[in-house]
Amino acid sequence: MTNAAEASAHMPSHVPSAQTPDGSPDRKKLPLALKIYGILLIVGALISLPVFALVIAGMVLGMQELTAQLDVNTYVIFGIYLVANAVSAVTELVFGINLLRNKRRFARQVCEVLIAINVGIFLCELMLSGTDIASALGYLVRFGILIAAMVYLDPSLSEERALQRKLRDMETRERAEDGTLGLDETGKGYIQLDLFNLFWIFVVCCVLGLVIETVYHFVVVDPGHYQNRTGMLYGPFSPIYGFGAVLMTIALNRFHKAPLIVVFLVSAVIGGAFEYLVSWFLQFAFGIVAWDYTGTFLSIDGRTNGMFMAMWGVLGCVWVKLLLPRMLKLVNLIPWNWRYSLTTVCAVLMLVNGFMTLASLDCWYQREDGKQPQNALEQFCAEHYDNQFMQDHFQSMSINPDNSTRTN
């Protein structure tokens, strides 16, 4: 970093600072479009909050009658769906107010929470009623707006001046050449938990996890017999390992120097819980059983067991202690000035892959449930991803609509 340090040391005294006279960060005024978006969020939240409150109250009062009509799991998921929508409305209200008050830093944090809540709402809706083109596009647009707002509201974007940006670029180039780009400069964790790092961790571990699982099945489970273990419609990806690695990285980032036993236990708990939740979601959303460990050692509803929790623990230790540093060096091979544009393009492609995977699974479910294609998306999936294709592509999955919790 010598060049950046020398440039900073020789910086003229008259160069404007990134601080206002009172010492607070220099904040550009938000554009009119974001202000209008904030007003729309506030109005929408004020309208929807009383509605959700009344529905939740009615659901509580009519609990006995509703539980007699609906499956218990459906009732619980519907309750979570309503509460999540109410929390989302409150969060949108807070987000809109902070946009109008130009509180960029706090608005960005609230935006991150809002994205997470909306992901939960989408998954609940998928388990209750499946998806359709209008609903799916609505969520894609909503996520797109929130992600764009989150990136724009990043405080660092408003605090940087032209000279600081040049210094940062010099430092970025040097760190990329040294292979240290992406490390946490504060020393609190091993890497920076930003979109760039987490996305490539997801991608690399999707592929790495698929290779490990395929080899394990070929060697141990069914010796000599290959089975397609992919979890997405396009590409060699198994998203359970990608999301699992992201969760472990976030949880263990500050424990990268911790004893192996600590890393093992945390990884085992996180991996087991995540595996359980994924199995639960697939069954109740699509009637899919992708694995069943019933009757094995420490089996929990057949969704996870002691052996696989131990394997998650071992994978966590190998990941944090050995593979993560090497993955960081691998990612740093991407030219520093291409990093964010390339990541954005790949993230969009992965989102499309995820959307088409969920859509094909949903259409498979509809066909197994005896329903005919009703729209262009379902017609497309019926023509290109019929039942035989889905069975051949997702060989580890079996589907039974009777296992789901859908209301239609």
Review point. Which condition number in (1) open to solvent by 40 Å² or more (accessible area, probe 1.4 Å); (2) at pLDDT 90 or above is the one that THR214 fails?
Key: (1)
Practice item. Working carefully through the options ASN375, ASN353, find the one that is within 22 Å of PHE122 (Cβ to Cβ), over 25 Å from the mean Cα position of the chain (by Cα), open to solvent by less than 50 Å² (accessible area, probe 1.4 Å) and not aromatic (Phe, Trp, Tyr). Key: ASN375
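Do we have any residue at all in region 375-383 that's of a type in the set (Asp, Glu) and not in a loop (DSSP other than H, G, I, E, B)?
Taking region 375-383 as the starting set, the residues that turn out to be of a type in the set (Asp, Glu) are 378, 383.
Pick out the ones that are also not in a loop (DSSP other than H, G, I, E, B) and you get 378, 383.
Yes, some residue in region 375-383 is of a type in the set (Asp, Glu) and not in a loop (DSSP other than H, G, I, E, B).
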Review point. Restricting to region 320-336, what's the tally of residues that are in contact (Cβ under 8 Å) with a residue 60 or more places away in the chain and open to solvent by 80 Å² or more (accessible area, probe 1.4 Å)?
Key: 2
Practice item. Looking at (1) of a type in the set (S, T, N, Q); (2) assigned to a helix (DSSP H, G or I); (3) more than 25 Å from the chain's Cα centre (by Cα), find the lone condition where ASN102 falls short. Key: (2)
Revision key, fill the gap. The residue from GLY302, GLY295 that alone is out of contact with any Pro (no Cβ under 7 Å at 6 or more places or on another chain) and open to solvent by 50 Å² or more (accessible area, probe 1.4 Å) is GLY295
Exercise for review: Give the residues of region 116-140 that are more than 14 Å from ALA376 (Cβ to Cβ) and either in contact with a Pro (Cβ under 8 Å, 6 or more places away or on another chain) or outside any helix (DSSP H, G or I) (or both), sorted by residue number.
Suggested key: GLY130
**Study point:** Given (1) in contact (Cβ under 8 Å) with a residue 12 or more places away in the chain; (2) part of a helix (DSSP H, G or I), number of the condition ARG406 does not satisfy
**Key:** (2)
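The values are calculated or read from the model by the stated rules, or taken from the named source; none is laboratory data. These numbers were taken from a predicted model, which means no experiment stands behind them. Because the Cβ atoms are built from the backbone with ideal geometry, glycine has one as well, and the counts that use them run over all protein chains shown. Only protein heavy atoms, including side chains, enter the accessible area calculation; ligands, DNA and RNA are left aside. Shrake-Rupley method; radii C 1.70, N 1.55, O 1.52, S 1.80 Å.
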